[in-house]
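Trainee: The structure under discussion is supplied below as structure tokens; questions concerning it will follow.
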Amino acid sequence: MHDDVSKLIRDQKIEEISTSRETIQVLLDDATRHIASSQTLAVSADMHGAFQLAYDSTRKSCAALLNYYGYRATNRGGHFAVFDCAGKLIDSISDELDGLQETRRLRNAMEYPGDTRLFLNSDDVSEAIDLAVRVRRIARSVLTFED
């Protein structure tokens, strides 16, 4: 186990679980559908919906990776723990998630109004969708099962 992952467990941000192929498949299927839906919404007036679905797709792809390795985020860890742990487990995910802070900030501003920047532009949405596609692709390449 990676030392960084051990720290997340000690800090109760993630916990160990039994891997579930079914759960992993559901998460990846959701991620795929969320990408398709976000691409559809991106050409409509619902930029917030498109952005939220792209963000959720990225999160679900990362959650599938955590499950594959026998982990899940706790309520204490939340979305950040999902992304943090996935990045600690898979270097290529870590590279992709380097720019996630801005995406998370925008998502939080939409979910918890109070931030001064609540307006998304098409570039924000396109970047979130592109990130979701790349992370899902990496997750699918990592997630293999022996029968």
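Trainee: What ranking do 130-136, 55-61 get when scored by the average of other Cβ atoms within 10 Å per residue, highest first?
Mentor: 55-61, 130-136
Trainee: Moving on to the next point. How high is the FRET efficiency between Asp3 and Arg33 when r is their beta carbon distance and R₀ equals 41 Å, given to the nearest 0.05?
Mentor: After rounding, the FRET efficiency stands at 0.70.
Trainee: Take every Cα pair under 8 Å in the chain that's 6+ residues apart, average their separations, divide by the length, and report that relative contact order as a whole percent.
Mentor: 32 percent
Trainee: If you take the beta carbon distance between Asp123 and Val26 as r and set R0 to 30 Å, what does 1/(1 + (r/R0)^6) give as a FRET efficiency, to the nearest 0.05?
Mentor: 0.45
Trainee: Obtain the nm distance between the two label points defined at Asp91 and Thr144 by a simple spin-label model: each point lies 7 Å from its Cα along the Cα-to-C-beta direction.
Mentor: So the label points at Asp91 and Thr144 sit 1.8 nm apart.
Trainee: Taking amide H positions as placed 1.01 Å from N in the peptide plane, with prolines and chain starts having none, which residues 5 or more places from Ile14, or on another chain, fall under 5 Å of its amide H?
Mentor: Ile9, Thr74
Trainee: Here are a few candidate values for semi-axes √(5λ) of the Cα gyration tensor in Å: (i) 26, 18, 12; (ii) 23, 19, 16; (iii) 20, 19, 17. Which one was actually calculated from the structure I just gave you?
Mentor: (i)
Values quoted throughout were computed directly from the atomic coordinates according to the rules given, and no laboratory measurement underlies them. No experiment lies behind these values; they were computed from the predicted model shown. Virtual Cβ from ideal backbone geometry, glycine too; neighbours counted across all protein chains shown.
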